[in-house]
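Here is the structure we will look at.
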């Protein structure tokens, strides 16, 4: 680990001639991230069902932890005491944490409560003010306050290499008026996050701070937010609120509207994206990293990714292992996949495990999906090196 | 794989001078088992949460599959079609299946049913006759019949290297009369199992047939059963019904009463035993192999094994990772353990995973327990080679 040095560095290695895609390298105290890179989510300091060894086999380069969950359990002080998030979970590579904002709003938005008359009513469990947000834990109902200063302090204790400014991610749908109000609050919080990031350091390595662009589905707000955030002294730029919309077109627009204002020399992270076609879309729109729970969440449901010999835009490169048609199928999940699961198990066997609700089912499917997605992004990096990203995309999406 | 040959072979390599323990080697078409050997249980063609790779790392030599479960799902014809149990689950080493009897009796014994008057009543879901047993599936209530002939045919299709005669395991407590009746039925079924085993072969390798000694907690019955079963032309001898009793003393007695009648030149399997002190006890009583669900079942509850620096007869060599005292514990689960989990994770981290009910919790604890138990038995084999089994036992049990 590099100490007493500027650990964080961003270098562009190559730009694609036909798209906005780029090859770059992010250097952190815990190692290097070659981009474009997929960032698996390890919400509670674990990528569900998988070990660091599995993630290394999938050539994962960086993990995403959720500040909201880690604050509630085991608590940032415990994680700090164990040497930070990476060491706590025995992942000796780079990590990134979010600000906690997204979960506060999505998990705490509305709660059902019984009135004195015994009727069920909705109460707002989240109270948003310019100062910050009070919310109740989804676990035990306890009351908590997140402000930019608190979020940054928690993230400093968690000790990820990349951390995010505190933001408000407005729900979908939201009016133009409300989205504007949330965006303006996000901008004020960006300034306070920047200031707070300079106050205290709990770990001996640099933690690079990313600002977050919001603005919902409104072009003028996305542009205004991109301009504002891009001008500030952040180490990187994240685009938020694109996974809460209803259509993929909205996600693409949010990136395209922001793009003209993004600084060339800072890494760009897209929050919450990761289906197969999305991956091509966000890379060719100039994003460097992007995180998603899909490989493990789909895996737990028996939804697994398949290569273009079977997969296409229509089936979204997925098959459902629960289906009876796989009961006697002696093929691996995905024909050309080199992962441990595809090299050792049949669809028939994994189908049986899902039917029997065996723990191994969730693990094997998650492992395959994790390997599959990271391998796809690795192939995309190679295609950018070889100047054939366009053809590679065509061979997948047609 | 050896084809068209007598695949099964049993050789005694060494006998302990002070106890009945012995070192031996069982050869099967799928490989060799060095005994004494622990046999992990993979009920539904999976050792819960663990891959064949994990089991290889734990130096597991043979797996135990449950005929009752595999018959109900995915069905013996599916397993046969996939090349037998070992190949189906990508475990390319020896396997053993039970007769299905134990599960039929323990899972199907009594069911609750609503009477026409709306009252809850117990009904016997198992109907035992000399011909065989009719029972209802615990999954969907469907009616099934197991006879010695059917059990052997299913096991032949499953294709394990070692298979068991169909037996009746009387529940505990049972009267002397009923235990005698069940034992006599078991003896008749032993003869029918032997005959049935010669009828049909679905796989090209030899499947060695073990007879089962029953007789409950009654000395005269255990002796009678041991005499009867030992005289028959079985390839190996199993002792059943020792895990259903209430005390460990009963388990030891059942072995000791049977022992004088056991043929020297056949392998001996003890059904359903595997706590740390039991392992020493059954090995020094001359058992060669013994199966148990404990490593993974305990693992899923957060109960993990610890070496004698912490473990003893009083705490049964276990700690409970759920306990708050482990929240900040930076030690590995077991100080001297060389397993992947102990080499990479703290008790504090695994405690967090159990509190958060994360899939990885069950996996890591199961992995450690599996490694721990197999490593212990490996050490016992070494102590028998080195003529210091007694000292080794003392260093564990005092």
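Points worth noting:
- For residues of B:354-361, the mean tally of beta carbons on other chains within 10 Å: 6
- For A:158, B:164, B:221, order by how many other beta-carbon atoms lie within 10 Å, fewest first: B:221, A:158, B:164
- Whole-Å distance, taken between Cα centres, linking region B:342-398 and region B:37-77: 19 Å
- Per-q log10 I(q)/I(0), chain B, q = 0.08, 0.14 Å⁻¹ (Debye; single scatterer per alpha-carbon; no solvent): -0.42, -1.29
- Peptides ranked, highest mean first, by Cβ atoms within 10 Å: ranges A:31-40, B:235-244, A:381-390: B:235-244, A:31-40, A:381-390
- Distance (nanometres) between label positions extended 7 Å along Cα→Cβ at residue A:177 and residue A:309: 5.8 nm
- Compactness of region B:300-390, taken as the C-alpha radius of gyration over 2.2 N^0.38 Å, stands at 1.13.
- Measuring nothing but how far apart in sequence close Cα pairs (under 8 Å, 6+ apart) lie, relative to its length, region B:77-220 scores a relative contact order of 25 percent.
- Cβ-Cβ FRET estimate between residue B:200 and residue A:328, R0 fixed at 25 Å, reported to 0.05: 0.70
- Extent along the principal axes, Cα only, for the protein assembly as shown: 90, 64, 56 Å, with the longest axis given first.
- Estimated inter-spin distance, residue A:143 and residue B:143, nm [label 7 Å along Cα→Cβ]: 6.4 nm
- For region B:135-163 versus region A:213-287, the gap between their alpha-carbon centres in whole angstrom: 58 Å
- Sorted on the mean count of surrounding Cβ atoms within 10 Å across their residues, most packed first, peptides B:337-349, A:126-138 read B:337-349, A:126-138.
- With contributions of -39500 (n - 2.57) from each DSSP H run of at least four residues, the per-residue ellipticity at 222 nm computed over chain A stands at -11500 deg cm²/dmol.
- Most fluctuating residue given options B:327, B:182, B:356, as computed from a GNM of chain B linking Cα atoms under 10 Å: B:356
- Peptide A:21-27 is shielded by partner chain Cβ atoms: per residue, an average of 0 of them sit within 10 Å of its Cβ.
- Under conditions of 37 °C and 0.692 mPa s, region A:74-214 yields 202 µm² s⁻¹ as its translational diffusion coefficient, taking Rh as the Kirkwood radius over Cα pairs in the Stokes-Einstein equation.
- In percent, rounded to a whole number, the relative contact order of region A:162-213 is 57, using alpha-carbon pairs under 8 Å and six or more apart.
- Each of B:258, A:247 was scored by other Cβ atoms within 10 Å of its Cβ. Listed from fewest to most, they are A:247, B:258.
- Averaged over peptide A:41-53, the number of partner chain Cβ atoms lying within 10 Å of each residue's Cβ comes to 4.
- Inter-label distance for residue A:13 and residue A:265, nm, one decimal - labels placed 7 Å from Cα along Cα-to-Cβ: 2.1 nm
- Chain A, relative contact order [Cα under 8 Å, separation at least 6], %: 17 percent
FYI, it's all coordinate maths here, none of it is from the lab. Note that the coordinates shown come from a computational prediction; the quantities given were computed from them, not determined experimentally. Quick reminder, even Gly has a Cβ in these numbers, built from the backbone with ideal geometry, and neighbours come from all protein chains shown.
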